[in-house]
Amino acid sequence: MPTHDDDHNHDSTATATATATATATVTVLGLGPMGRALAGAFLDAGLRVTVWNRTPGRDRELVGRGATAAASPAEAVAASAVTVVCVVNYDAADAVLRQDTVAAALKGRTLVNLTADTPARARDTAEWAAGHGIRYLDGAIMTPATTIGTPEAVFLLSGPEELYGEHRPVLDTLGGTHTHLGSDVGRAAAYDIALLDIFWTAMAGYVHALAVARAEGITARELAPFAQGIGAILPPLFEEFAADVDDDRYSGELNPITSAVSSMAHIAQASESHGIEAAVIRAAEGQARRVIGLGHGTDGFMRVTELLGRSRR
């Protein structure tokens, strides 16, 4: 079971973190905005930090604060017990980590991969790490770089529980909440993908709504307060509908899918009347109509979850 830990105010955690930082060594590979924030938080906590980035120059401010700049990734990982990598995707991570010299330097050490990608890539990297004697944790950062080192940061991690527990005091120095999601190393990436699916689908809906509103003479600022009201409706619905899906109820008591289809059709028609592409809402409408065609017209829109899952069977 996932364990959600938010105990930074507890004396025991503070003591453990302080003890860890007295001797802890951490390497950060990748100094984009997030990598620089991670390295900065480690420095602020008093850790001995080594940094490396493919593009020269990004380490200047960190070195000025006490970090050590490594000339190569192999030199960087050899300097620390724990290496944290945070780059744009696993292709970029593999290009660094799977060099023979880097893999050899990582042997017997711990690699914490906070790069965002798919669960399959996370599991593949874990398999590669095990084959090279590298201890491996995979993770996802769910908040912006500006939150790192503050209580607002949110980290998800997966992999061996004992390894997570061993390095938890060092990870705690990054601030925020840390949730270990279990030994399946792909689980953090799976949560990340699912949560980003919500975010980007919502953002796609918002930009489409703004385009339709503008076509009708409504400014984005005029619509925004009402959009926030719609957004506020969602959190309790997420919880309620999650129970419907897990329990295979798919209740249409609040809003049957036939009603949802009618609304979606209106959105698409209004959009297309202005020459605005309506592919996303048309796709959702099509899914809903397929559910109705399967005899579930009295169910709610969550029945689409079951429809989408059929491809796995």
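Once the range 79-198 is represented by equal point scatterers at the alpha-carbon sites, with solvent omitted, what log10 I(q)/I(0) does the Debye formula produce at q = 0.14, 0.16, 0.17, 0.22 Å⁻¹?
Normalising to I(0) and taking log10 leaves -0.53, -0.71, -0.80, -1.36.
In what sequence do T50, T146, T27 fall when counting other Cβ within 10 Å, fewest first?
Values: T50 25, T146 11, T27 30.
Ascending Cβ contact count within 10 Å gives the list T146, T50, T27.
Once you order the gyration tensor axes a ≥ b ≥ c over the Cα atoms, which shape class does the range 3-184 get: rounded for a/c under 1.5, otherwise prolate or oblate by comparing a/b with b/c? Don't skip to the end; give the middle numbers.
Values: a/c = 1.45, a/b = 1.12, b/c = 1.29.
Rounded, since a/c falls under 1.5.
Could you give P(r) for the range 219-312, binned at 5 Å from zero, as whole percent values over all Cα-Cα pairs?
3, 12, 18, 21, 21, 14, 8, 3, 0
Modelled label-to-label distance, S259 and I193, 7 Å Cα→beta-carbon offset: nm?
Distance between the two pseudo-spin positions: 3.4 nm.
Once the Cβ-Cβ distance between K107 and E152 is put in as r, and R0 is 25 Å, what FRET efficiency do you end up with, to the nearest 0.05? Before the final figure, lay out the partial values.
Values: r = 36 Å, r/R0 = 1.44.
With R0 = 25 Å, the Cβ-Cβ based efficiency is 0.10.
In whole Hz, what ³J(HN,Hα) sequence does the range 224-232 give by Karplus (6.51, -1.76, 1.60; θ = phi - 60°), x for Gly and Pro?
3, x, 6, 4, 4, x, 4, x, 5
Taking neighbour Cβ counts within 10 Å as the exposure measure, how do H180, H296, H274 sort from fewest upward?
On the way: H180 26, H296 20, H274 12.
Result, fewest neighbours first: H274, H296, H180.
Run through all the Cα pairs of the range 187-273 and give the fraction in each 5 Å bin from 0, expressed as whole percent.
3, 10, 14, 21, 22, 15, 10, 4, 1
Using the per-residue mean of other Cβ atoms lying within 10 Å as a proxy for protection, in what order, highest first, do the peptides 168-176, 94-102 fall? Don't skip to the end; give the middle numbers.
Values: 168-176: 21.2, 94-102: 16.3.
Output ranking for 168-176, 94-102: 168-176, 94-102.
Work out how much length R65 to F226 would gain on full extension: take 0.36 nm times their residue separation and subtract the Cα-Cα distance, in nm to one decimal. Intermediate results must be reported in sequence, preceding the final value.
Values: separation 161, 0.36 × 161 = 57.96 nm, distance 4.52 nm.
Contour length minus Cα-Cα distance gives 53.4 nm.
Which angle between 0 and 90 degrees, to the nearest 10, do you get for helix 187-215 versus the longest principal axis of the chain when only C-alpha atoms count?
50 degrees
Dividing the alpha-carbon Rg of the chain by 2.2 N^0.38 Å yields what?
Numbers: Rg = 23.4 Å, N = 313, 2.2 N^0.38 = 19.5 Å.
This ratio for the chain stands at 1.20.
Mind giving me the FRET efficiency for L237 and Q99? R0 is 41 Å, r the Cβ-Cβ distance, nearest 0.05 is fine.
Values: r = 48 Å, r/R0 = 1.16.
Calculated transfer efficiency: 0.30.
Kindly give the semi-axes, whole Å and largest first, of the ellipsoid equivalent to the range 210-257, taking each as the square root of 5 times a Cα gyration tensor eigenvalue. Write down the numbers at each step before the final one.
On the way: eigenvalues 195, 30, 11 Å².
Here the semi-axes work out to 31, 12, 7 Å.
Mind listing the phi-derived Karplus ³J(HN,Hα) values for the range 119-128, rounded to whole Hz, using 6.51, -1.76 and 1.60 with θ = phi - 60°, and x for any glycine or proline?
Per-residue couplings from phi come out as x, 5, 5, 4, 5, 5, 5, 4, 5, 4 Hz.
Give, in nm to one decimal, the length gained when the segment between R290 and N89 is fully stretched (0.36 nm per residue of separation minus the Cα-Cα distance). All intermediate terms of the calculation are to be shown ahead of the outcome.
Working: separation 201, 0.36 × 201 = 72.36 nm, distance 3.53 nm.
Fully extending the segment from R290 to N89 adds 68.8 nm.
Each reported figure results from applying straightforward, stated rules to the coordinates on display, with no laboratory input. Just so it is clear, the model here is predicted, and its values are computed rather than measured. Counting neighbours? That spans all protein chains shown, and the Cβs are built from the backbone with ideal geometry, glycine included.
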